Amino acid sequence: MSIVSSGVSFHQSIVSNCKPEALSNRKPRNQRHRNLCLNHLKSLNLSNDGLEFGVSRGKDEKRGSLFRLKSAVDVGEVVESYGTGERDGCFYDAIVIGSGIGGLVAATQLAVKGAKVLVLEKYVIPGGSSGFYERDGFKFDVGSSVMFGFSDKGNLNLITQALAAVGCRLQVIPDPTTVHFHLPNGLSVQVDREYSKFTSELISKFPHEKEGILKFYGVCWKIFNALNSLELKSLEEPIYLFGQFFKKPLECLTLAYYLPQNAGDIARKYIKDPELLSFIDAECFIVSTVNAMRTPMINASMVLCDRHFGGINYPVGGVGEIAKSLAEGLTNQGSEILYKANATSIIIEDGKAVGVKLSDGKKFYAKTIISNATRWDTFGKLLKKENLPKEEKRFQEAYVKAPSFLSIHMGVKADVLPPDTDCHHFILEDDWKKLEDTYGSIFLSIPTVLDKSLAPEGNHILHIFTTSSVEDWEGLSRKDYEEKKERVAREIINRLEKKLFPGLKSSIVFQEVGTPKTHRRYLARDSGTYGPMPRTTPKGLLGMPFNTTAINGLYCVGDSCFPGQGVIAVAFSGVMCAHRVAADLGFEKKNPVLDTALLQLLGWFRTLA
């Protein structure tokens, strides 16, 4: 069974973590608007005193609701989005395709600036790979449970800031250990929340590399502190960029210096021990699914330092609460989100992106279009591949799709885990060379170590994932596909049983396996990919595209944009995109002459990569 093959359970009401002031003043905009709302209710055989958006569930389950809206007045704010939109004058300022964290951050940031935004989500809940699903009393995170950018201090706590912008705040549980590494030759390293404890443990394993360890991670802190001192907005907006440079010239120059550099090159300046360098590769692999030589130093620094600065903090109720709260905050601002809205193409008129067409033929129009799809889905499916702009050709020549994952979601009896078990584990048992191989390394999250409410009493959740490519799963009959899923999952579980948890197999009370095809189907990601991976050794982040594209009115956001993969990175992408779009819409200051010069300069820099 796939990750979400039999549907998704969803609470009938969104958690009350957001301020509802915007809802209290909602009224139909005019009589036509009210009539449209009531007519749509009739077409759904619903009364005007309640509306439910149905959620697909198993055959023996009752229908649930995604949002329960209390009156026809409330309904009108959402129901009108089922029409074709107001073509003349463009009713929406922006349409966002996809409700991943990057898309939701961009949408909410625009909404609080006064923009009217419509988010189109293919699935029945928000969040994408940061969503959730429920089975048999277990509440599973779809993707990673390691939440960066979720602290209460600094400027890189971008998830916290995004929620606060729409009046939301989530209760979190601090994770004392970011990850516990179980590596070849018996190397075991617990990355403690406190930086001094982490470096002390690492130095105890490699005492002869004490100076190198402190210098490498010291450079990481130098970059992190520079980033953390800046107000983070669009690097494609010159008024902001020049303003930050004049306020913080040394910090900006520091970031410019390290922009084209990779973590592996910096590590090799200070560290010689091959096993320690392999450990740095494993650290970076968690960040980018590639080794340190192909991981931009800025990306590595954000993650390797934020885990100590703000720490890893898990939201009570699961990672899905972040997207749910952002979606609620968006609607509280007067904008809209439409589910089961499968975008099939971006509408181009006179060379400008002006709308989005859905699989059911409905069309929606806006002044700007933001794609939270991958770059390959945007310029290959939503737009015809044969019309690929030269900038996108250059990107696809420099980067390939990173592999997807095989995911195993399990419910197990709690007594199979030792009482001091850490929440997150990374396992590479025998050979450092297998780090990037298919099924070579295993990442394990046990979120119930932090939040026991996610599982029935006496049980734990295990979320296991390991890299896998969609090609490994193509061309199989249904029977062969299911058999392969069970076989590969069994092999992965056997490895965990041998390395960490004796008796694991016999403790399983629930299990679902998802393949790259599952990720492709439900998350609408080309080949199930989780972002770009450089074909060769890159020049840091120099080659990564930003949010603007070669098509007027079209922007991209998410993990195939600067600065890349990871929750903190895609949130950063969302903030940057919203700022650039807001300037183009007139909600922020703009200088067209400087805009043109800066965008040309940034385009030239990317050609150097």
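Here are the numbers:
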item	result
Odd one out for residue 339 among (1) at pLDDT 95 or above; (2) farther than 27 Å from residue 110 by Cβ	(2)
Qualifying residue in the range 240-255 (condition: surrounded by fewer than 14 Cβ atoms within 10 Å (Cβ to Cβ), over 23 Å from residue 309 (Cβ atoms) and of a type in the set (A, V, I, L, M, F, W, C))	yes
Scope the range 124-150; condition under 23 Å from residue 357 (Cβ atoms), crowded, with 24+ Cβ neighbours inside 10 Å and not small (Gly, Ala, Ser); matching residues	126
Residues satisfying the stated conditions in the range 561-571, i.e. open to solvent by 10 Å² or more (accessible area, probe 1.4 Å) and either in a helix (DSSP H, G or I) or more than 18 Å from residue 371 (Cβ to Cβ) (or both)	566, 567, 570
Subset of the range 236-257 [in a helix (DSSP H, G or I) and under 24 Å from the mean Cα position of the chain (by Cα)]	255
All positions within the range 565-597 that are closer than 30 Å to residue 534 by Cβ, polar (S, T, N, Q) and more than 24 Å from the chain's Cα centre (by Cα)	596
The one condition in (1) open to solvent by 10 Å² or more (accessible area, probe 1.4 Å); (2) more than 17 Å from the chain's Cα centre (by Cα) that residue 303 fails to fulfil	(2)
Hits in the range 568-597 - residues which are over 22 Å from residue 354 (Cα atoms) and either among the charged types (D, E, K, R) or modelled with pLDDT under 85 (or both)	589
Test for residue 349: is it under 24 Å from the mean Cα position of the chain (by Cα) and of a type in the set (Asp, Glu)	no
Selection within the range 435-463 - out of contact with any helix residue (DSSP H, G or I) (no Cβ under 8 Å at 6 or more places or on another chain), in a helix (DSSP H, G or I) and either crowded, with 20+ Cβ neighbours inside 10 Å or without any contact (Cβ under 8 Å) to a residue 40 or more places away in the chain (or both)	449, 452
Number of the condition not met by residue 123 [criteria: (1) in contact with a Gly (Cβ under 8 Å, 6 or more places away or on another chain); (2) in a strand (DSSP E or B)]	(2)
Residues satisfying the stated conditions in the range 547-558, i.e. touching a helix residue (DSSP H, G or I) at 6+ places or on another chain (Cβ under 7 Å) and either aliphatic (A, V, I, L, M) or modelled with pLDDT under 90 (or both)	550, 557
Evaluation of residue 233 against (1) open to solvent by less than 10 Å² (accessible area, probe 1.4 Å); (2) touching a Phe, Trp or Tyr at 6+ places or on another chain (Cβ under 6 Å); (3) part of a loop (DSSP other than H, G, I, E, B) (one fails), failing number	(1)
The lone exception for residue 226 - which of (1) within 30 Å of residue 248 (Cα to Cα); (2) without any contact (Cβ under 8 Å) to a residue 60 or more places away in the chain; (3) surrounded by fewer than 20 Cβ atoms within 10 Å (Cβ to Cβ) it fails	(3)
Out of 163, 104, sole residue that is under 20 Å from residue 529 (Cα atoms), part of a helix (DSSP H, G or I) and of a type in the set (A, V, I, L, M, F, W, C)	104
Subset tally (residues that are at pLDDT below 95 and open to solvent by 10 Å² or more (accessible area, probe 1.4 Å)) for the range 396-417	8
Scope the range 87-99; condition of a type outside the set (A, V, I, L, M, F, W, C) and modelled with pLDDT under 95; matching residues	87, 88, 89
Residues satisfying the stated conditions in the range 352-368, i.e. open to solvent by 30 Å² or more (accessible area, probe 1.4 Å) and among the polar types (S, T, N, Q)	359
Residue within the range 582-592 that is open to solvent by 50 Å² or more (accessible area, probe 1.4 Å) and on the phi > 0 side of the Ramachandran plot present	yes
Qualifying residue in the range 221-230 (condition: among the charged types (D, E, K, R) and under 30 Å from residue 548 (Cβ atoms))	yes
Any hit, the range 200-208, residues being free of Cβ contacts under 8 Å to residues at least 40 places away in the same chain and under 24 Å from residue 563 (Cα atoms)	no
Residue count for the range 241-289, restricted to those that are aromatic (Phe, Trp, Tyr) and touching a helix residue (DSSP H, G or I) at 6+ places or on another chain (Cβ under 7 Å)	3
Residues within the range 369-390 that are surrounded by fewer than 17 Cβ atoms within 10 Å (Cβ to Cβ), part of a helix (DSSP H, G or I) and touching a residue at least 60 places away in the same chain (Cβ under 8 Å), tallied	1
Residue that is farthest from residue 425 (Cα to Cα) [pool: residues in the range 481-507 that are of a type outside the set (Phe, Trp, Tyr), open to solvent by less than 90 Å² (accessible area, probe 1.4 Å) and in a loop (DSSP other than H, G, I, E, B)]	503
Test: residue 513 is touching a His at 6+ places or on another chain (Cβ under 9 Å), crowded, with 18+ Cβ neighbours inside 10 Å and under 28 Å from residue 284 (Cα atoms)	yes
Residue in the range 180-189 that is within 26 Å of the chain's Cα centre (by Cα) and farther than 25 Å from residue 434 by Cα present	no
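The values are calculated or read from the model by the stated rules, or taken from the named source; none is laboratory data. Bear in mind the structure is a predicted one, so any value in this text is a computation, not a measurement. Glycine also receives a Cβ, built like all others from the backbone with ideal geometry; neighbour counts cover every protein chain displayed. Accessible surface is based on the protein model in full, side chains and every heavy atom, while ligands, DNA and RNA are left aside. Shrake-Rupley method; radii C 1.70, N 1.55, O 1.52, S 1.80 Å.
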